[in-house]
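What follows is calculated from the coordinates using simple rules that are stated; it is not laboratory data. What you see is a predicted model; the values in this text were computed from it and never measured. In this analysis, Cβ positions are derived from the backbone assuming ideal geometry, glycine residues included, and neighbour counts consider all displayed protein chains.
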Amino acid sequence: MTGAEYAVMAGVIFLAACLQASTGFGMGMLAAPVIAMVDPELLPATLILLALLVTILVTVRERQSLDLRGTGWALVGRVPGSIVGAFLVVALSKEGLAWAVAIVVFTGLVLAVRGWAPKPVRVNLIAAGAASGIMGTATSIGGPPMALIWQGHHGPQLRGTMSAFFMVGSSISMVSLGLAGAVTSEMLTLALWMVPAVVAGYAASRMVNRFLNAARLKLLALGASALGSALLVFQLTMAAMAS
């Protein structure tokens, strides 16, 4: 990658980490389309590793507000979902993976805008956890199912519960990807270079939380995700027309 591409990626990851630490989700929805435009082969492991760092930091910060029961049932579904997602990464081409990222983001956007709100009962939590495992491991975007199921939570409880789930879930996804041979040295190297951007984004979230309410943060996440996905679809479409 060029220096400009590194700079763009670092800027997007800074914003995505800030968003994730402020809302409990959104890092993948914001950063994955941009990474897919630069180099789809860096997905999903690079972003999952960086998201893991953010979730650890937020879980520690919001540890007093966790919904441990809901997190436990959601993780029951996350394990088999992560295994399925790892096989999809191996089976899909880099173009297929990029299209999967775009489709997952757009689906999440549509559901969020329509305001679908399933109740956080045991069966729904397990189903959402499984969907998050498949999507998160295959595309690094596992937030939409959990954001839908836990949208009744607010503030520290939402951030803490989502982060605790993704902290364990991302670890499971990385193990699944490693066993499937879908983690490369290039992914690990880029993740290491992007750690300062993640830490800076987390630090910025502490100030952002004082000024932006949940509704504005959600609108920001949806708008940024829509723009990133639209750009990715445009790039993929132009590449298909040229070939």
(request) Compute the acute angle (0 to 90°) between the alpha-carbon long axis of helix 195-211 and the principal axis of greatest extent of the alpha-carbon atoms of the chain; round to the nearest 10°. (result) 40 degrees
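For the chain, what does the relative contact order come out to in percent, with C-alpha contacts under 8 Å and a separation of six or more?
Working: 385 pairs, mean separation 90.3, N = 243.
The normalised contact order for the chain reaches 37 percent.
Given the DSSP H assignment, sum -39500 (n - 2.57) over each helix run of at least 4 residues in the chain and divide by its residue total; what's the result at 222 nm in deg cm²/dmol, nearest 500? Don't skip to the end; give the middle numbers.
Values: 11 runs with 200 residues, N = 243.
One gets -28000 deg cm²/dmol as the mean residue ellipticity at 222 nm.
Please give me the summed charge of the neighbours of residue 47: other residues whose Cβ is under 14 Å from its Cβ, Lys and Arg +1, Asp and Glu -1.
Numbers: positive: none; negative: 39, 41, 186.
Local net charge: -3.
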(message) For the chain, take the longest principal axis of its alpha carbons; what is the angle in degrees between that and the long axis of helix 3-23, to the nearest 10 within 0 to 90?
(response) 20 degrees
(message) Starting from 0.36 nm per residue, how many nanometres of slack lie between residue 235 and residue 41 once their C-alpha separation is accounted for?
(response) 68.3 nm
(message) Give me the base-10 log of I(q)/I(0) for the chain at each q in 0.12, 0.14 Å⁻¹, Debye formula, one uniform scatterer per Cα, rounded to two decimals.
(response) -0.59, -0.82
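Stretched out fully, how many nm does the piece from residue 64 to residue 116 gain, at 0.36 nm a residue minus the Cα gap? Intermediate results must be reported in sequence, preceding the final value.
On the way: separation 52, 0.36 × 52 = 18.72 nm, distance 2.82 nm.
Between residue 64 and residue 116, full extension yields 15.9 nm more.
Could you compute the net charge surrounding residue 186? Neighbours are other residues with a C-beta less than 10 Å from the C-beta of residue 186; K and R count +1, D and E count -1. Please list the in-between numbers first.
Numbers: positive: none; negative: 39, 41.
Combined, the nearby Lys, Arg, Asp and Glu give -2.
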